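Before any comments, here is the structure.
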Amino acid sequence: MDKVIDIEDRIPSMREKRRRKTNKKFLFVLFIFGLALLLLLYFQSPLSKVKDIHIRGATLYDQQFYLEESGIGENSPFWGFDAQEVEEKLSAIAGVDEVKVTRKWMRDVEINISEWKMVAYIEDGDDFGLLLENGEMFPDSIQNPNVPILNKVDDEEVRKRITSQLLKMDAEVFQLISEIIYTGSEDDADTITAYMDDGYEVHAVIPTFAEKMAYYPEITSQLDEYEKGIIDMEVGTFFTPFSELYGKKEESDMDVEEDEQ
């Protein structure tokens with residue numbers, strides 16, 4: 001026979017359950033209210049404002065330029081901007097490859113700029129512009145990069161091929177190149193002449209320029225006791241002092257001057 005439970009016995013437990021349920025609701029409402037209050041206080045306080053903005057990788061433009069273009073300023077709402085939108089906006093600037101915007105330490109913003117590498121100066125009308133690694137011409141820069149000057153490189157394809165070689169080159173050797181003149185012709189379209197900061201003149205061909213120039217420091221270290229001259233890297237590697245090439249011409253010029261006197 002089933003046991004019959006008197007309703008009077010069940011009332012205390014029902015009351016306890018109802019009381020616990022009411023307390024849970026009250027605590028939940030209290031939590032939501034407290035959270036809303038904290039958020040309201042947070043967004044009204046300086047803690048919700050941008051404190052510092054760090055720009056990394058700026059070379060083609062100064063940091064202030066990128067800061068203004070980003071639209072983010074000190075004391076701007078920390079959560080008031082879309083990082084992806086800022087990245088897309090800055091990436092559209094000429095000379096910029098990639099951008100990464102990151103919120104740091106609850107109040108700081110870091111903007112990492114990846115610009116196309118500067119390869120050379122090249123004549124652009126009456127002025128000199130910067131040739132970037134992606135082939136674009138950059139009109140001006142606040143910096144004075146240690147890059148060579150490219151002369152007589154009007155053909156875009158030739159420019160790309162020389163750029164490709166320069167990008168493969170070791171930085172130490174690359175920075176020694178003062179000027180590159182394209183000397184190609186119909187018979188030999190690949191020849192170039194490079195003038196070096198240390199006084200040597202290098203004759204080379206475009207396809208093997210970077211490969212041959214890797215040995216440049218070793219070659220010049222063996223020529224310290226000799227006068228400056230031409231290092232021919234077109235086929236093998238040969239050295240000819242300037243005096244052997246231009247000495248007779250200089251003597252001839254002196255004779256002409258003496259005769260005129």
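The values are calculated or read from the model by the stated rules, or taken from the named source; none is laboratory data. Since this is a predicted model, take the numbers as computed values, not measurements. Heads up, the Cβs are rebuilt from the backbone with ideal geometry, glycines too, and the neighbour counts pull from every protein chain shown.
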Item to check | Qualifying residue in segment 122-131 (condition: touching a Lys or Arg at 6+ places or on another chain (Cβ under 6 Å), under 22 Å from residue 62 (Cα atoms) and of a type in the set (Asp, Glu)) | outcome: no
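Output the strands (runs of 3 or more DSSP E) that fall wholly within segment 120-200 and possess 1 or more residues being assigned by TED's automatic domain parsing to the domain that holds residue 212 and among the small types (Gly, Ala, Ser), or say none.
Where strands (runs of 3 or more DSSP E) fall fully within segment 120-200 and carry at least 1 residues being assigned by TED's automatic domain parsing to the domain that holds residue 212 and among the small types (Gly, Ala, Ser), they are 127-132, 177-182, 191-196.
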Next on the checklist: So if I check each of 98, 133, which one is free of Cβ contacts under 8 Å to residues at least 24 places away in the same chain, within 30 Å of residue 179 (Cα to Cα), of a type outside the set (Gly, Ala, Ser) and touching a helix residue (DSSP H, G or I) at 6+ places or on another chain (Cβ under 8 Å)?
Outcome noted: 98
Checklist entry - What are the residues in segment 171-188 that are surrounded by 13 or more Cβ atoms within 10 Å (Cβ to Cβ) and of a type in the set (D, E, K, R), if any? => result 179
Checklist entry - Would you pick out the residues in segment 68-82 that are surrounded by 15 or more Cβ atoms within 10 Å (Cβ to Cβ) and without any contact (Cβ under 8 Å) to a residue 24 or more places away in the chain? => result 81
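Does segment 79-101 include one or more residues that are of a type in the set (D, E, K, R) and in contact with a Leu (Cβ under 7 Å, 6 or more places away or on another chain)?
Checking segment 79-101: not a single residue is of a type in the set (D, E, K, R) and in contact with a Leu (Cβ under 7 Å, 6 or more places away or on another chain).
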Checklist entry - Quick one: is residue 208 of a type in the set (Val, Ile, Thr) and surrounded by fewer than 16 Cβ atoms within 10 Å (Cβ to Cβ)? => result yes
Checklist entry - Going through segment 59-100 one residue at a time, which ones are hydroxyl-bearing (Ser, Thr, Tyr) and touching a Lys or Arg at 6+ places or on another chain (Cβ under 8 Å)? => result 70, 76
